[in-house]
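Data first, discussion second: the structure below is written as structure tokens.
The values are calculated or read from the model by the stated rules, or taken from the named source; none is laboratory data. This is a predicted model, so every value here is computed, not measured. Reconstructed Cβ throughout: ideal geometry from the backbone, glycine too, with neighbour counts over all protein chains shown. SASA here: full protein model, heavy atoms, side chains in, ligands and nucleic acids out. Shrake-Rupley method; radii C 1.70, N 1.55, O 1.52, S 1.80 Å.
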Amino acid sequence: MEITEYLRTLDREGRLLAGAAEEAGTGAEVPACPEWRVRDLLRHTGAVHRWAAAFVAEQHTAARPVGDGPDLDGAELVAWYRDSHRLLVDTLADAPADARCWTFHPAPCPSPLVFWARRQAHETTVHRHDAEAARGGTVSPIAPDFAVDGVDELLRGFHARPRSRVRTEEPRVLRIRAVDGGTDAVWTVRLSDQPPVTSRGESGDPEDAEAELAGPAGELYLALWNRGPVPSVTGDRSLAALWRERSGI
């Protein structure tokens, strides 16, 4: 995907998040994160937006902690979130293409600027879903191509890091397939006592996979972020249970 697509998605998803939060009320429970209310969701996501914007705007080349959200609530907190989102979108849109700054996972990306546009587009989409779930009613769909991109970032980025807890005592092979994402929307995840190693496509003998998680890309995206059930599981269902238990970011 191009950076312009990520920016359009980030802009739209942040606006939807703010609108859903306003409708839900900041005291509403977030179903996927029972310890959170909408106020916690807004503080977290807004703080992450400001954190990401600072890396790009100030070109920091080393890790920095995420700041805390403000001690606001209600309409004031929603307004603060909107300001945080707008700051991020404008920062990314105005940054030079050759901006250099810190990034934090190894998913393939052509530049730090694209990394942050991609990462924040997916961050915002997942939390927009949280806000809409807290509000109730119909949730906004996720485009298949964007969902496929997000599955790839999750598998080859977040879970390629040493901190991934998705591990097994003995080597196992898990396959993940987005049925509406085209012929390359398949991932082979090799599990062991080390961080997962994921390759795009059906690498190795197709029969090596002990389980396959499959479904429409948007549903699979949410399932892998533990925002819904896996649409279809074939083979050893314990590997799907392992993902749900240990894959939290």
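Got a sec? Which of Arg82, Arg100, Arg50 is among the basic types (Lys, Arg), under 14 Å from Phe115 (Cα atoms) and either touching a Phe, Trp or Tyr at 6+ places or on another chain (Cβ under 7 Å) or touching a residue at least 24 places away in the same chain (Cβ under 8 Å) (or both)?
Details: Arg82 fails: under 14 Å from Phe115 (Cα atoms); Arg50 fails: under 14 Å from Phe115 (Cα atoms).
Step by step, each of Arg82, Arg100, Arg50 is checked, and only Arg100 is among the basic types (Lys, Arg), under 14 Å from Phe115 (Cα atoms) and either touching a Phe, Trp or Tyr at 6+ places or on another chain (Cβ under 7 Å) or touching a residue at least 24 places away in the same chain (Cβ under 8 Å) (or both).
Working only within the stretch 207-243, note down all residues that are more than 18 Å from His129 (Cα to Cα) and either touching a residue at least 40 places away in the same chain (Cβ under 8 Å) or of a type in the set (D, E, K, R) (or both).
Residues satisfying the conditions are Glu207, Asp208, Glu210, Glu212, Asp236, Arg237, Leu239, Leu242, Trp243.
Do you know which residues across the stretch 1-47 are without any contact (Cβ under 8 Å) to a residue 60 or more places away in the chain, among the acidic types (Asp, Glu) and either in a loop (DSSP other than H, G, I, E, B) or open to solvent by less than 40 Å² (accessible area, probe 1.4 Å) (or both)?
Glu2
Here is a yes/no grid of residues against (1) more than 30 Å from Ile3 (Cα to Cα); (2) out of contact with any Pro (no Cβ under 7 Å at 6 or more places or on another chain):
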position: Val151; (1), (2): no, yes
position: Thr168; (1), (2): yes, yes
position: Leu174; (1), (2): yes, yes
position: Thr183; (1), (2): no, yes
position: Trp187; (1), (2): no, yes
position: Thr198; (1), (2): no, yes
position: Glu219; (1), (2): no, no
position: Val230; (1), (2): no, yes
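Kindly evaluate Glu219 against the criterion of being open to solvent by 20 Å² or more (accessible area, probe 1.4 Å), acidic (Asp, Glu), modelled with pLDDT of 95 or more and closer than 20 Å to Gly150 by Cα. Lay out the reasoning, then the answer.
Values: open to solvent by 20 Å² or more (accessible area, probe 1.4 Å): yes; acidic (Asp, Glu): yes; modelled with pLDDT of 95 or more: yes; closer than 20 Å to Gly150 by Cα: yes.
Against the criterion (open to solvent by 20 Å² or more (accessible area, probe 1.4 Å), acidic (Asp, Glu), modelled with pLDDT of 95 or more and closer than 20 Å to Gly150 by Cα), Glu219 qualifies.
Given the criteria surrounded by fewer than 18 Cβ atoms within 10 Å (Cβ to Cβ) and over 30 Å from Gly181 (Cβ atoms), does Pro106 qualify?
Values: surrounded by fewer than 18 Cβ atoms within 10 Å (Cβ to Cβ): yes; over 30 Å from Gly181 (Cβ atoms): no.
No, not satisfied.
Give the number of residues within the stretch 66-103 that are over 28 Å from Ala20 (Cα atoms) and within 20 Å of the chain's Cα centre (by Cα). Let's see the steps before the verdict.
Here is the first cut: in the stretch 66-103, the residues over 28 Å from Ala20 (Cα atoms) are 95-103.
The next check asks that each one be within 20 Å of the chain's Cα centre (by Cα); those that pass are 102-103.
The total comes to 2.
Yes or no: the stretch 54-74 includes at least one residue that is basic (Lys, Arg) and over 30 Å from Thr198 (Cβ atoms).
We begin by selecting, within the stretch 54-74, every residue basic (Lys, Arg); these are 64.
Now restrict to residues that are over 30 Å from Thr198 (Cβ atoms): none.
Within the stretch 54-74, none of the residues are basic (Lys, Arg) and over 30 Å from Thr198 (Cβ atoms).
All but one of (1) out of contact with any Asp or Glu (no Cβ under 9 Å at 6 or more places or on another chain); (2) open to solvent by 10 Å² or more (accessible area, probe 1.4 Å); (3) among the hydrophobic types (A, V, I, L, M, F, W, C); (4) touching a residue at least 24 places away in the same chain (Cβ under 8 Å) hold for Val66; which doesn't?
If we test Val66 against (1) out of contact with any Asp or Glu (no Cβ under 9 Å at 6 or more places or on another chain); (2) open to solvent by 10 Å² or more (accessible area, probe 1.4 Å); (3) among the hydrophobic types (A, V, I, L, M, F, W, C); (4) touching a residue at least 24 places away in the same chain (Cβ under 8 Å), just (4) comes out false.
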